[in-house]
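Asker: For reference, the structure I am asking about is given below.
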Amino acid sequence: MKKLSIYCMTAVFMLLVLSGCESEKAAAPKPPAAEKIELHISAAASLTDVMKELAANYQKVQPNVTIKFNFGSSGALQQAIENGGVTDLFFSAAQKQMDALERAGELLPGTRKNLLLNEVVLVVPKDSAKNINSFADAASDKVQYIALGEPKGVPVGQYSEEVFKSMQILDPVKSKAVYGSDVRQVLAWVESGEADCGVVYATDAAISDQVKVVAKASDGTHKPIIYPAAILKSSTQMDAAKQFLAFVSSPDSAAVFKKYGFEMK
């Protein structure tokens, strides 16, 4: 009987110990969940496809970060930033817009970098029978309408004017021009046949199976097409913005940019 009592007491003691351990487990605080971060990125329209893929890749390793994009012409994005639009990181298709933001004190010092290179090309609808083969043809009777980016705020429009000015045919080309609000609108007009030809980036032409490239702008006919990036001084997510900028500057991201026709600087 004495042994049985000892066994019973031991069993009760063990149950109490186990119960206490379970209570401690239940009472133990859970590790804090990763902070949810919303990163606002303004990027040139020509970067739409590649940026969406890069963001998807980034969120596989940083699932707590939600990326909100605002795509458009670099000029329109610049104005939105200057007017107080929420932006943590800006990717421009030209230096002009980034220069203006830097002069206005909008950029976080030390974060601006030249990221990508591109080219401008002349495209026609895939089934075009107008025998348009060169930039010079834009001034000929072969072309009734040419789609161009609006030169004041759309970098591809600025580069286009530089090309035609260097060829001394800007005025006759302007008389036939229809101006798009960004490079994707220019591309869409050529795809639909609303324009006989248009000037877009080589990377935009590469993603469309509705147009064909008939000419590439010669070296020296326009300023180098360099895409700069920078973090905004007004950013509320500076660390996250720095991490994303470092991510898109990495060798792995360079391979994605190359897939879309961009060359890293």
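The values are calculated or read from the model by the stated rules, or taken from the named source; none is laboratory data. Since the structure is predicted, the reported quantities are computational estimates derived from the model, not experimental observations. Counting neighbours? That spans all protein chains shown, and the Cβs are built from the backbone with ideal geometry, glycine included.
Asker: For segment 59-75, does any single residue satisfy the condition of being part of a loop (DSSP other than H, G, I, E, B), in the same structural domain as F257 (by TED's automatic domain parsing) and under 27 Å from V200 (Cβ atoms)?
Answerer: The answer is yes, given that some residue of segment 59-75 is part of a loop (DSSP other than H, G, I, E, B), in the same structural domain as F257 (by TED's automatic domain parsing) and under 27 Å from V200 (Cβ atoms).
Asker: Next question. Among the listed residues V190, V156, V123, which satisfies the condition of being of a type in the set (V, I, T), modelled with pLDDT of 95 or more and closer than 22 Å to L77 by Cα?
Answerer: Residue meeting the stated conditions: V156.
Asker: Mind listing whichever residues of segment 119-135 are buried (at least 22 other Cβ atoms within 10 Å of the Cβ) and either in contact with a Phe, Trp or Tyr (Cβ under 6 Å, 6 or more places away or on another chain) or farther than 16 Å from R184 by Cα (or both)?
Answerer: Residues satisfying the conditions are V120, L122, I132, F135.
Asker: Which residues, taken from segment 104-156, are part of a strand (DSSP E or B) and small (G, A, S)?
Answerer: Listed by number, the residues that qualify are A147, G149.
Asker: List the pairs whose first member sits in segment 43-58 and is assigned by TED's automatic domain parsing to the domain that holds V256, whose second member is surrounded by fewer than 24 Cβ atoms within 10 Å (Cβ to Cβ) and of a type in the set (D, E), and whose Cβ atoms are under 9 Å apart, counting only residues at least 6 apart or on separate chains?
Answerer: Filtered contacts from segment 43-58: N57/D252.
Asker: Tell me the residue from A215, A254, A241, A246 that is without any contact (Cβ under 8 Å) to a residue 24 or more places away in the chain, in contact with a strand residue (DSSP E or B) (Cβ under 6 Å, 6 or more places away or on another chain) and at negative phi, please. Steps first, please.
Answerer: Working: A215 fails: without any contact (Cβ under 8 Å) to a residue 24 or more places away in the chain; A241 fails: without any contact (Cβ under 8 Å) to a residue 24 or more places away in the chain; A246 fails: in contact with a strand residue (DSSP E or B) (Cβ under 6 Å, 6 or more places away or on another chain).
Residue meeting the stated conditions: A254.
Asker: In the same structural domain as L101 (by TED's automatic domain parsing) and either free of Cβ contacts under 8 Å to residues at least 24 places away in the same chain or surrounded by fewer than 19 Cβ atoms within 10 Å (Cβ to Cβ) (or both) - does that describe any residue in segment 227-235?
Answerer: yes
Asker: Taking the criterion of being hydroxyl-bearing (S, T, Y), assigned to a strand (DSSP E or B) and in contact with a helix residue (DSSP H, G or I) (Cβ under 9 Å, 6 or more places away or on another chain), would at least one residue in segment 239-255 satisfy it?
Answerer: There is no residue in segment 239-255 that is hydroxyl-bearing (S, T, Y), assigned to a strand (DSSP E or B) and in contact with a helix residue (DSSP H, G or I) (Cβ under 9 Å, 6 or more places away or on another chain).
Asker: Would you mind telling me which numbered condition in (1) more than 19 Å from the chain's Cα centre (by Cα); (2) surrounded by fewer than 19 Cβ atoms within 10 Å (Cβ to Cβ); (3) part of a helix (DSSP H, G or I) Q79 fails?
Answerer: Unmet condition: (1).
Asker: Give me the residue from segment 182-210 that is of a type in the set (S, T, N, Q) and more than 20 Å from I226 (Cα to Cα) and, out of that set, surrounded by the fewest Cβ atoms within 10 Å (Cβ to Cβ).
Answerer: Applying the filter and picking the extreme gives S192.
Asker: Here is a follow-up. So L187 clears everything in (1) out of contact with any helix residue (DSSP H, G or I) (no Cβ under 7 Å at 6 or more places or on another chain); (2) not in a loop (DSSP other than H, G, I, E, B) except one condition, right? Which one?
Answerer: (1)
Asker: Of the residues that sit in segment 206-238 and are in a loop (DSSP other than H, G, I, E, B) and among the basic types (K, R), which one is nearest to E162 (Cα to Cα)?
Answerer: Among residues in segment 206-238 that are in a loop (DSSP other than H, G, I, E, B) and among the basic types (K, R), the one nearest to E162 (Cα to Cα) is K223.
Asker: What about E53, is it within 24 Å of Y260 (Cα to Cα) and surrounded by fewer than 16 Cβ atoms within 10 Å (Cβ to Cβ)?
Answerer: Criteria met by E53.
Asker: On the basis of being part of a strand (DSSP E or B) and touching a Ser or Thr at 6+ places or on another chain (Cβ under 9 Å), does F164 make the cut?
Answerer: Judged against the criteria, F164 is not a match.
Asker: Of all residues in segment 236-260, which are among the small types (G, A, S), more than 13 Å from L116 (Cα to Cα) and surrounded by fewer than 20 Cβ atoms within 10 Å (Cβ to Cβ)?
Answerer: A246
Asker: Scan segment 234-265 residue by residue and report those that are of a type outside the set (A, V, I, L, M, F, W, C) and in contact with a Ser or Thr (Cβ under 9 Å, 6 or more places away or on another chain).
Answerer: S234, S235, K242, Y260, G261
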